[in-house]
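Chemist: First the structure, which I've put down as structure tokens, then a few questions once you've had a look.
The values are calculated or read from the model by the stated rules, or taken from the named source; none is laboratory data. Quick caveat: nothing in here was measured; it's all calculated off a predicted structure. For neighbour counting, all protein chains shown are included, and Cβ atoms are generated from backbone atoms with ideal geometry for every residue, glycine included. Note: areas computed on protein heavy atoms with side chains; ligands, DNA, RNA excluded. Shrake-Rupley method; radii C 1.70, N 1.55, O 1.52, S 1.80 Å.
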There are 4 protein chains.
Amino acid sequence: MQIKILVTGGTMDKVYNELTGELTFSASHLGQMLEHSRSTVNIDSEVLFLKDSLDITSEDRDLILSKCIECNEGRVVITHGTDTMVETAKLIGDQVKNKVVVLFGSMIPYSINKSDALFNLGAALSAVQSKVNGVYIAMNGQVFDFDRVEKNKALGIFENI
Amino acid sequence: MQIKILVTGGTMDKVYNELTGELTFSASHLGQMLEHSRSTVNIDSEVLFLKDSLDITSEDRDLILSKCIECNEGRVVITHGTDTMVETAKLIGDQVKNKVVVLFGSMIPYSINKSDALFNLGAALSAVQSKVNGVYIAMNGQVFDFDRVEKNKALGIFENI
Amino acid sequence: MQIKILVTGGTMDKVYNELTGELTFSASHLGQMLEHSRSTVNIDSEVLFLKDSLDITSEDRDLILSKCIECNEGRVVITHGTDTMVETAKLIGDQVKNKVVVLFGSMIPYSINKSDALFNLGAALSAVQSKVNGVYIAMNGQVFDFDRVEKNKALGIFENI
Amino acid sequence: MQIKILVTGGTMDKVYNELTGELTFSASHLGQMLEHSRSTVNIDSEVLFLKDSLDITSEDRDLILSKCIECNEGRVVITHGTDTMVETAKLIGDQVKNKVVVLFGSMIPYSINKSDALFNLGAALSAVQSKVNGVYIAMNGQVFDFDRVEKNKALGIFENI
């Protein structure tokens with residue numbers, strides 16, 4: 001069983017630029033994370049773009065949706081910034097009924113100590129192989145249905161609604 | 001939904017003792033790992049023992065089994081050394097039919113760079129919430145049925161049989 | 001021999017705030033770094049403030065100078081952001097002739113992977129114990145005289161002039 | 001000013017072998033550590049061997065000594081396991097009077113969390129550039145004279161005698 005991973009950026013992929021002192025995007029960390037995790041899952045990954053999810057436009061979101069629909073795989077994982085992850089999940093959830101789609105990201109960049117990125121990748125990969133068709137968000141150790149979840153921005157966690 | 005986590009040791013919990021130069025057990029890292037992963041899962045954990053899985057006796061294994069059976073939770077995660085993880089999974093799989101039980105461990109200690117422990121914890125927690133009743137091993141990003149998996153010791157990975 | 005360490009902030013002490021997505025100051029990491037390094041040096045440390053060195057005012061700089069002059073110790077280490085480290089070093093170098101003073105900082109925060117902070121702390125502590133009276137900057141593995149060094153901002157390194 | 005670094009192994013270079021569960025030597029980490037530390041020091045390094053210092057023979061020790069004597073550089077850093085570091089330092093200290101030689105190692109491997117290796121490298125590089133001719137050990141943030149230091153094996157620290 002092959003799994004598709006669509007990369008869209010988010011906090012997970014941000015790195016510290018020591019010349020500017022800012023956190024920016026340079027390249028996706030997905031390959032490095034899969035090696036780090038000793039994954040033997042059959043994966044085909046594609047970087048759509050690397051963006052803070054607050055900067056994702058409706059065109060970007062349509063691109064993610066079309067990639068979910070068009071790919072051959074029935075199981076799709078999407079890396080995504082947390083701030084608008086629920087919005088993207090809803091768009092896909094309303095349109096894609098015949099696949100398992102799991103979105104995840106991280107609150108702390110993979111390149112920073114105590115990052116939750118690797119844990120969330122494990123949860124997402126496991127969920128996409130275990131769940132029935134539907135669209136889910138894997139964060140904080142939980143697997144949320146796309147239409148019953150929100151990000152609590154004050155606490156920095158995802159919660160059931 | 002509350003999840004039970006039974007801790008039995010394994011490579012995951014080994015730490016470097018700088019006075020002896022050896023890797024030994026000191027305490028479980030589970031609490032630290034759950035905090036690191038920003039988990040909000042409702043968990044009740046219990047340390048049964050901290051052992052290299054090659055040192056687990058049949059009495060130890062019976063203890064793990066009885067804890068799986070007796071606990072109130074219907075979903076149980078077990079941390080376990082990889083060398084005899086399949087053996088413990090088979091014992092439980094033959095006897096426990098009405099719960100979801102997921103075993104996991106790591107090839108590299110949580111305290112050592114590039115550890116797969118956090119990734120595997122994410123995969124195990126996600127699987128235990130997503131799978132139907134049965135006994136599983138979550139390693140290398142895959143969720144294996146207990147009776148169709150073995151550890152390939154030459155490669156250091158779990159494989160379907 | 002007791003060594004004084006004056007903490008003023010800089011990149012070294014910045015941490016990622018997962019709620020805002022920004023790098024900010026929370027507390028000094030000096031104690032944690034000294035434990036990490038297994039230092040047995042007799043140290044008395046004092047946090048003057050935690051600031052990006054671009055935000056250090058002339059009053060702040062005068063405070064650092066007066067602390068250098070007034071402390072009982074003849075050997076003083078100062079943690080400092082790199083952008084104006086040379087400016088502070090010059091102020092102290094022009095006024096303090098009877099002590100060994102070593103400034104250091106880091107290009108990458110201690111809390112971020114591949115930080116140079118611990119290396120630079122080792123270099124600074126070693127230099128302050130080994131050099132004759134004078135004011136120095138310990139960065140990039142070198143110990144620069146305060147009046148013959150500048151930061152090359154394009155490369156992110158300190159160089160002799 | 002060029003500095004010679006002679007690599008002999010020690011705890012610093014040990015890595016976890018996930019197939020055997022043991023800490024072993026694979027390759028020197030010196031290049032990686034110098035990049036990590038953002039060092040701009042002019043260095044010529046040479047790997048003599050990678051050994052636990054308890055396994056260093058008198059022939060090995062003679063090799064280290066001859067390399068110290070024969071190299072063109074007047075400043076030499078030696079990476080060395082801590083258990084017999086003092087013994088090697090004494091051999092060199094008795095014979096080499098016209099160079100600055102600094103030995104260092106680490107109590108925790110560079111590849112393991114909370115390693116002191118990078119800190120000690122910073123201290124050693126700084127000391128070799130700052131001290132007068134002589135042989136020294138840079139550990140625990142201190143720079144010890146070769147003939148007035150011992151390792152306290154119960155505490156895992158170096159102390160003045």
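Chemist: Does residue B:137 satisfy the criteria of being under 13 Å from the mean Cα position of the chain (by Cα) and either more than 8 Å from chain A (Cβ to nearest Cβ) or of a type in the set (Lys, Arg) (or both)?
Modeler: Here the answer is yes, as residue B:137 does meet what is asked.
Chemist: While we're here: Pick from C:112, C:157: which is closer than 30 Å to residue D:103 by Cβ and within 14 Å of chain D (Cβ to nearest Cβ)?
Modeler: Exactly one of C:112, C:157 is closer than 30 Å to residue D:103 by Cβ and within 14 Å of chain D (Cβ to nearest Cβ), namely C:157.
Chemist: Looking at A:65, A:30, A:50, A:91, can you tell me which residue is out of contact with any Cys (no Cβ under 9 Å at 6 or more places or on another chain), within 20 Å of residue C:114 (Cα to Cα) and not hydroxyl-bearing (Ser, Thr, Tyr)?
Modeler: Criteria check complete, one pass: A:30.
Chemist: May I pose another question? Which strands (runs of 3 or more DSSP E) does segment C:6-104 wholly contain that include 1 or more residues that are open to solvent by 50 Å² or more (accessible area, probe 1.4 Å) and within 14 Å of chain D (Cβ to nearest Cβ)?
Modeler: C:43-51, C:75-79
Chemist: Assuming residue D:107 fulfils every condition listed in (1) surrounded by 19 or more Cβ atoms within 10 Å (Cβ to Cβ); (2) part of a helix (DSSP H, G or I); (3) within 14 Å of chain C (Cβ to nearest Cβ) apart from one, which condition is it?
Modeler: For residue D:107, the exception is condition (2).
Chemist: Among the residues of segment B:137-161, how many are touching an Asp or Glu at 6+ places or on another chain (Cβ under 9 Å), among the β-branched types (Val, Ile, Thr) and surrounded by fewer than 23 Cβ atoms within 10 Å (Cβ to Cβ)?
Modeler: 2
Chemist: Which residues, taken from segment C:10-36, are under 16 Å from the mean Cα position of the chain (by Cα) and of a type outside the set (D, E, K, R)?
Modeler: Correct list: C:10, C:11, C:12, C:25, C:27, C:28, C:29, C:30, C:31, C:32, C:33, C:34.
Chemist: Residues being at the interface with another protein chain (Cβ under 7 Å from one of its Cβ atoms) and of a type in the set (Ser, Thr, Tyr): count how many of those fall in segment D:115-134.
Modeler: 2
Chemist: When you check residue A:86 against the structure, is it of a type in the set (Val, Ile, Thr) and touching a helix residue (DSSP H, G or I) at 6+ places or on another chain (Cβ under 9 Å), yes or no?
Modeler: When the stated conditions are applied, residue A:86 does not pass them.
Chemist: Can you say whether residue B:113 is closer than 30 Å to residue D:110 by Cβ, open to solvent by 10 Å² or more (accessible area, probe 1.4 Å), among the polar types (S, T, N, Q) and at pLDDT below 95, as far as the supplied structure shows?
Modeler: Yes; evaluated as a whole, the condition is true for this residue.
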